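Some notes on the structure that comes next.
The values are calculated or read from the model by the stated rules, or taken from the named source; none is laboratory data. Computed from a prediction, not measured in an experiment: that's the story for all the values here. We place every Cβ from the backbone using ideal geometry, glycine too, and count neighbours over all the protein chains shown.
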Amino acid sequence: MGIKSFQGARKNQDSTSAVPLKVKDYMSRDLIVFKPDHSIEQVIQTLIKNKISGGPVVNDNYELVGVISEGDCLKQISESRYYNMPIHQDIVETRMIRDVETIDGNMNIFDAANKFLDAKRRRFPIVEDGKLVGQISQKDVLKAALQLKGENWNSLTK
């Protein structure tokens with residue numbers, strides 16, 4: 001008499017249905033934003049206080065109009081010394097980056113990781129219907145990877 005093996009009926013398991021894989025599942029929604037008329041000094045104080053390296057710039061309708069970073073502020077400090085201009089006279093609008101690359105909130109987290117590598121950016125804003133709705137950072141993608149570590153990544157990306 002041979003060995004009999006019995007496995008009960010298996011449910012057809014769809015591992016991707018319960019696993020959040022989209023950028024919008026991991027993006028930050030509670031953002032520190034700047035306005036074009038904020039002073040560079042205000043930006044520097046906010047960056048230091050909140051331990052962040054930059055943030056989106058929005059108009060009164062919460063539409064994304066730019067991004068301001070530590071680097072943009074450093075550039076202003078360097079130039080203000082050279083031209084002997086006080087820091088408090090400069091505003092975000094004159095220093096922000098206007099050509100902002102965004103990312104789709106429906107993009108899968110693995111494609112977002114590749115986009116970060118290709119673009120060499122620290123963060124991407126997410127815009128829906130013309131309004132800023134969130135931001136995804138490299139750190140958010142790393143957190144997502146840790147949360148998904150028990151999953152078979154090949155099956156998740158199909």
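Numbers at a glance
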item	result
Any hit, region 51-60, residues being surrounded by 14 or more Cβ atoms within 10 Å (Cβ to Cβ), part of a loop (DSSP other than H, G, I, E, B) and touching a residue at least 12 places away in the same chain (Cβ under 8 Å)	yes
Residue satisfying all of: in region 32-50; among the aliphatic types (A, V, I, L, M) and part of a helix (DSSP H, G or I); surrounded by the fewest Cβ atoms within 10 Å (Cβ to Cβ) among these	I48
Residue identified as within 24 Å of K120 (Cβ to Cβ) and modelled with pLDDT of 95 or more among L21, L64	L64
Pair list, Cβ under 7 Å, 6 or more apart: region 27-38 residue closer than 14 Å to G66 by Cβ, other residue of a type in the set (D, E, K, R) and surrounded by 14 or more Cβ atoms within 10 Å (Cβ to Cβ)	P36/E93; D37/E93
Residue that is modelled with the lowest pLDDT, among those in region 45-61 that are more than 18 Å from T94 (Cα to Cα) and charged (D, E, K, R)	K51
Residue check for P20: assigned to a loop (DSSP other than H, G, I, E, B) and out of contact with any Cys (no Cβ under 9 Å at 6 or more places or on another chain)	yes
Residues located in region 91-150, provided they are farther than 21 Å from P20 by Cβ, of a type in the set (D, E, K, R) and either touching a residue at least 60 places away in the same chain (Cβ under 8 Å) or assigned to a strand (DSSP E or B) (or both)	R122, K131
